[in-house]
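This report concerns only the one structure given below.
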Amino acid sequence: MMGGDEEQEIGAIPDLDQLTITVKKLEYVGAVNKLIERVLARRHYNVPDYDIVVPESLLRQSQKTQRIFQYRHGAIAGLSLLVGGIGIMNIMLATVLERTREIGVRRAVGATRADVMRQFLIEATMICLLGCSIGIVVGLLISRVIAYYAGWPTIVSLFSIVLAVGVSTTVGLVFGLYPARKAARLDVIESLRYE
């Protein structure tokens with residue numbers, strides 16, 4: 001038989017209304033959920049007087065939203081690259097037109113079509129790399145400003161910088177190819193007569 005003091009001690013143990021468990025990685029949610037079910041079943045003597053709520057649908061929705069943002073940002077970046085590439089191509093076509101006489105002189109003194117083509121491809125790539133360098137510097141500055149004023153940690157990885165340089169070089173090569181081929185195919189005599 002228990003005395004009054006013992007009953008008061010047992011009655012003083014508070015009931016838990018809610019227990020929140022955080023899992024670091026999403027792939028562990030299922031295993032942690034099963035473990036908690038077993039522990040609670042044992043502690044409650046297999047009486048189902050509790051509910052386990054796993055916000056997995058919220059997690060899935062969050063992942064879906066994140067994926068949509070990634071696709072949208074990828075589409076915006078692709079469109080920006082396309083517009084930038086068309087701009088580079090137009091600049092290079094104008095350059096070919098302005099330098100037609102120079103191309104004719106180069107060809108007349110022994111430059112091959114491959115030499116002319118290489119020159120214009122290098123110029124297109126250098127324009128893209130200059131734009132890429134400016135973009136990297138501005139991006140780094142913006143990330144620092146955001147980190148400073150908003151208090152959000154920002155990470156700019158070396159991989160993203162290398163990827164930006166690679167994509168920029170590719171855009172320069174792809175969109176500079178048509179103007180370079182046009183310059184290389186110019187007729188030497190017609191180019192020398194061009195005013």
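Out of ILE142, ILE122, I need the residue that is in a helix (DSSP H, G or I) and either within 30 Å of LEU97 (Cα to Cα) or touching a Ser or Thr at 6+ places or on another chain (Cβ under 8 Å) (or both). Which one?
So the residue among ILE142, ILE122 that is in a helix (DSSP H, G or I) and either within 30 Å of LEU97 (Cα to Cα) or touching a Ser or Thr at 6+ places or on another chain (Cβ under 8 Å) (or both) is ILE122.
Residue by residue through the range 175-195, note down the ones that are part of a helix (DSSP H, G or I) and either in contact with a Pro (Cβ under 9 Å, 6 or more places away or on another chain) or among the aliphatic types (A, V, I, L, M) (or both).
If the condition is that a residue be part of a helix (DSSP H, G or I) and either in contact with a Pro (Cβ under 9 Å, 6 or more places away or on another chain) or among the aliphatic types (A, V, I, L, M) (or both), then LEU177, ALA180, ALA183, ALA184, VAL188, ILE189, LEU192 are the ones that fit.
Please enumerate the residues belonging to the range 161-179 that are farther than 19 Å from LEU79 by Cα, within 13 Å of the chain's Cα centre (by Cα) and touching a residue at least 12 places away in the same chain (Cβ under 8 Å).
Residue satisfying the conditions is ILE161 alone.
Of all residues in the range 170-185, which are under 19 Å from ASP115 (Cα atoms) and β-branched (Val, Ile, Thr)?
Passing the criteria: only VAL174.
If I go through the range 159-187 residue by residue, how many of them are open to solvent by less than 90 Å² (accessible area, probe 1.4 Å) and of a type in the set (Phe, Trp, Tyr)?
Adding up the residues that qualify gives 1.
Can you confirm whether the range 42-53 contains a residue that is open to solvent by 70 Å² or more (accessible area, probe 1.4 Å), in a helix (DSSP H, G or I) and within 20 Å of LEU16 (Cα to Cα)?
Yes, the range 42-53 has at least one match.
Only one of LEU82, LEU93, LEU158, LEU129 is touching a residue at least 12 places away in the same chain (Cβ under 8 Å) and farther than 18 Å from LYS182 by Cβ. Can you tell me which?
Going through LEU82, LEU93, LEU158, LEU129 in turn, just one is touching a residue at least 12 places away in the same chain (Cβ under 8 Å) and farther than 18 Å from LYS182 by Cβ: LEU129.
Six or more apart or on different chains, Cβ atoms under 8 Å: show the pairs whose first residue is in the range 97-123 and open to solvent by 70 Å² or more (accessible area, probe 1.4 Å) and whose second is at pLDDT 90 or above and assigned to a loop (DSSP other than H, G, I, E, B).
Partner pairs satisfying both residue conditions: ARG113/ARG185.
The values are calculated or read from the model by the stated rules, or taken from the named source; none is laboratory data. Please read all numbers here as calculations on a predicted model, not as lab measurements. Note that each Cβ is placed from the backbone with ideal geometry, even for glycine, and that neighbours are counted across all protein chains shown. Surface accessibility is based on the protein's heavy atoms, side chains included, excluding ligands, DNA and RNA. Shrake-Rupley method; radii C 1.70, N 1.55, O 1.52, S 1.80 Å.
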